[in-house]
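Encoded as structure tokens, the structure appears first; notes follow it.
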There are 2 protein chains.
Amino acid sequence: MVGTSHPGNIGSAARAMKTMGLTQLVLVSPQKFPHQQAIEMASGAIDVLEEAVIVNSLKEALVNVHLAIGSSARPRGIQLPMLEMDKFAPHVASQRQDASIAIVFGRERTGLTNEELSCCDFHTMVPTNPEYGSLNLSQAVQLFCYELRKAYLQQNPDKLPKEKQLNLATVDELERMFVHLEETLLLTDFLVTDQPNKVMAKLRRLFKRAQLEDTDVNLLRGIFTSVHEMSKQGK
Amino acid sequence: MVGTSHPGNIGSAARAMKTMGLTQLVLVSPQKFPHQQAIEMASGAIDVLEEAVIVNSLKEALVNVHLAIGSSARPRGIQLPMLEMDKFAPHVASQRQDASIAIVFGRERTGLTNEELSCCDFHTMVPTNPEYGSLNLSQAVQLFCYELRKAYLQQNPDKLPKEKQLNLATVDELERMFVHLEETLLLTDFLVTDQPNKVMAKLRRLFKRAQLEDTDVNLLRGIFTSVHEMSKQGK
């Protein structure tokens, strides 16, 4: 982060980084740092702030960096090659494991100077609303870190959050449920025996779309059974 | 946004929305709103704040909504179907044009209650660092709005930011440049006449990789010419 004015943005950026699994923050001539506002906005990412490196120029920050990607808010008359927002992270992920890679963010109001941008290998621009493209600095950091995490997860799918898998009912279980349903609807006179097909087709589509689990099938069949029981008891 | 504690987050969320081309903000029982901090953080997105609708419950907010997607910070024991972070926006984009769609965000610390989540059709979780997943609320809003904008741009590629296209040099221009380069390097004795191929092959690769524009070719040939001129003048 180059020449950041508001220490709160440094703290928010540290938090944004950590939520996406990144930790190495380098500050080039921050205007106010360390600062209480940075600490407040960092929330649980104080460690990222504490380990932040402070240097005097972007050149110094990039000394051992192999690939530097500059974040730019708008197209400029610069010759620097552009990497689109959905391409920079896969490009980063395709580098050698030991490559040192920097994403470079400029000042809140004025961004990076042309000289600073020319130290970068590429620049990348968030595709914002052309009528209002004024992304907050830490929000831009969040978006870049998010794209990096997505690229990381693509290469390491075992790190993806595990989601509860549905225990889908089998076709056979569903078919038996539909028979049970049809019997029930005949019983209640909702269906008239001679042309049940249209209604059953609609109900089949509805329940197919719902991706029923086996427990759902049991639940529904329990309801159907209760209707049959009620009828037997002559209620 | 449901039950937001910090008005600054409402302002930041408004700004995040507007940068991604979204404007309809609904606040469910915000703790402090309107508020000076919201205005400050909204920056140029004051209009989104001013037009924000305030209601008392999420049910009320969703009355005319066809598809509600809840943002959840962590997997829960709920049955609500999950849409992955890179799938919810294409799903939104595939709905009818006149469908009313809501992305629902919970409270800063506690998120949405299970009852509120159960009003949603799906939930979506940002794939954060498992060791520190504490996304700031407005950063989460930024990520969701960004995914929505990407899906919008995918359907409307004419809205993509126009980038300067490279005026790549033709193969012929390059080949003539390589001849010129070889002549120059022979002149300076950098190349020995009997085996120039290895060096030239490396230089060819280098310049091919650089994707030279025709102006670059002219620039380089100007340099080569200056070497020839210097040699003629016997400097």
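The values are calculated or read from the model by the stated rules, or taken from the named source; none is laboratory data. Just so it is clear, the structure is predicted and the values come from calculations on it, not from any experiment. Every residue, glycine as well, gets a Cβ built from its backbone with ideal geometry; the counts of neighbours run over all protein chains shown.
General observations
- Of the candidates B:L185, B:L148, the single residue that is more than 11 Å from chain A (Cβ to nearest Cβ) and without any contact (Cβ under 8 Å) to a residue 60 or more places away in the chain is B:L185.
Conditions tested, residue by residue: (1) touching a residue at least 24 places away in the same chain (Cβ under 8 Å); (2) outside the structural domain of B:L27 (by TED's automatic domain parsing); (3) of a type in the set (A, V, I, L, M); (4) more than 30 Å from B:E213 (Cα to Cα).
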{"position": "B:G106", "(1), (2), (3), (4)": "yes, no, no, yes"}
{"position": "B:L112", "(1), (2), (3), (4)": "yes, no, yes, yes"}
{"position": "B:E116", "(1), (2), (3), (4)": "yes, no, no, yes"}
{"position": "B:M125", "(1), (2), (3), (4)": "yes, no, yes, yes"}
{"position": "B:Q142", "(1), (2), (3), (4)": "yes, no, no, yes"}
{"position": "B:Q155", "(1), (2), (3), (4)": "yes, no, no, yes"}
{"position": "B:M177", "(1), (2), (3), (4)": "yes, yes, yes, no"}
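- Scanning region A:102-145 for residues that are within 11 Å of chain B (Cβ to nearest Cβ), surrounded by fewer than 16 Cβ atoms within 10 Å (Cβ to Cβ) and among the acidic types (D, E) yields a single hit, A:E131.
- Subset of region A:98-124 [of a type outside the set (S, T, N, Q) and assigned to a loop (DSSP other than H, G, I, E, B)]: A:D98, A:A99, A:F105, A:G106, A:E108, A:R109, A:L112, A:C119, A:C120, A:D121
- Index of the failed condition, B:T184 passing every other in (1) under 25 Å from A:A140 (Cα atoms); (2) surrounded by 20 or more Cβ atoms within 10 Å (Cβ to Cβ): (1)
- In the set B:F207, B:F144, only one residue is aromatic (F, W, Y) and under 30 Å from the mean Cα position of the chain (by Cα); that residue is B:F144.
- Residue match in region A:65-87 (condition: more than 20 Å from A:S118 (Cα to Cα), in contact (Cβ under 8 Å) with a residue 12 or more places away in the chain and in contact with a Lys or Arg (Cβ under 6 Å, 6 or more places away or on another chain)): no
- Evaluated against (1) surrounded by fewer than 17 Cβ atoms within 10 Å (Cβ to Cβ); (2) more than 22 Å from B:F122 (Cα to Cα); (3) touching a residue at least 12 places away in the same chain (Cβ under 8 Å), B:E50 falls short on exactly one condition, (3).
- Residue among B:A89, B:A52, B:A16 that alone is assigned by TED's automatic domain parsing to the domain that holds B:L153, aliphatic (A, V, I, L, M) and over 21 Å from the mean Cα position of the chain (by Cα): B:A52
- Among (1) crowded, with 23+ Cβ neighbours inside 10 Å; (2) part of a loop (DSSP other than H, G, I, E, B) - the single one A:Q95 does not satisfy: (1)
- Candidates are the residues of region B:1-25 that are of a type in the set (V, I, T) and in a helix (DSSP H, G or I); the one that is nearest to the other protein chains (Cβ to nearest Cβ) is B:T19.
- Odd one out for B:D172, checked against (1) modelled with pLDDT of 85 or more; (2) of a type outside the set (V, I, T); (3) exposed (fewer than 11 other Cβ atoms within 10 Å of the Cβ); (4) closer than 26 Å to A:M82 by Cβ: (4)
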